[in-house]
Amino acid sequence: MIAIPVVDEPATSLLHLDSSAGHFHDSVSRQLTALFADTWRESHGGAGYRYRDLAADPVPLVTSAFVTLGQRVQRHGGVPPDEVSGLVEGPAEEREWTLTLPLITELLATDTVLIGVPMYNFSVPAALKAWIDRVTFPGAFTAPDGGDSLLRGTTVVVVTARGGCYRPGTPRDGFDFQTPYLRAYFGDLGVAEEDLHFVHAEMTRAGDVPGLARFRALAASSLTAARAAVTELAARPPVGRSVTSGRRGSS
């Protein structure tokens, strides 16, 4: 039997995820999420802060045992995470659920999710996708008594860094598979549109790639705007939440 972890919830909480493979001094996304986290802790204190470096400490890829367990859970209808262990069969499935449950529990206990996302080949890093694939277990974020999303009221802040420019109306607008994907993903999980925020730093390679040198002014203005945006978002007062039947909800 796998026990669900007990998470003591402070007044407000932040889950900070970085997915860049670069070191801090080379990574614009890491620098911006660090600014957000520092500002957030100044405003809200550090008790509710949790950090995961998905590149340095990667989430294991899901296996066939994960898929088999997920399909079994789906056949049983709405099964909350603290009851999934009763459906686990064999050591392989037990290992998969042991890897998965803490991530789900952590996300459910979080008021704000901050994600640093560099653009790799027009999309998100594999390190972030591995976290998404594992945490998105069938029924994990759906209330069994009514089907409402348990992430309703959760704030998600996505901070992206792009070497080029992908603004609407630019030649590479259609190459941006970060924003549409993450907007669809979190929206499908039940995160409200007004609680999903994107901050983009663009032309981040203009300073070191000769062919992009003419865009240095654009890069500087984009970074300045991104720093202002993350600072403003991090300093916002916490959204009140209530607990109903042992599960969190927006108030």
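The values are calculated or read from the model by the stated rules, or taken from the named source; none is laboratory data. The structure presented is a predicted model; accordingly, all values stated were derived computationally and were not measured. Here Cβ is always computed from backbone atoms with ideal geometry, including for glycine, and neighbour counts include all displayed protein chains. Each accessible area value is taken on the protein alone, full model and side chains, heavy atoms only, with ligands, DNA and RNA left out. Shrake-Rupley method; radii C 1.70, N 1.55, O 1.52, S 1.80 Å.
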Ranked order, SER20, SER149 - accessible area, probe 1.4 Å, largest first: SER149, SER20
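Given a 1.4 angstrom probe, I'd like the percentage of the accessible area of the range 102-242 that is carbon and sulfur, rounded to a whole number. Write down the numbers at each step before the final one.
Values: 3560 of 6120 Å².
Answer for the range 102-242 is 58 percent, counting heavy atoms of protein chains only.
Could you state the accessible area per residue of the chain in Å², with a 1.4 Å probe and every protein chain left in place? Don't skip to the answer; put the middle values down first.
Values: 12100 Å² over 251 residues.
Solvent-accessible surface per residue comes out at 48 Å².
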Qualifying trypsin sites (Lys or Arg not before Pro) for the range 103-178 [loop in DSSP, other Cβ within 10 Å: at most 13]: ARG172
For the chain, built as a Gaussian network whose Cα springs stay under 10 Å, the top-fluctuating residue of ARG167, ARG183, ARG227: ARG167
Principal axes of the chain: Cα extent on each, largest first, Å: 60, 39, 31
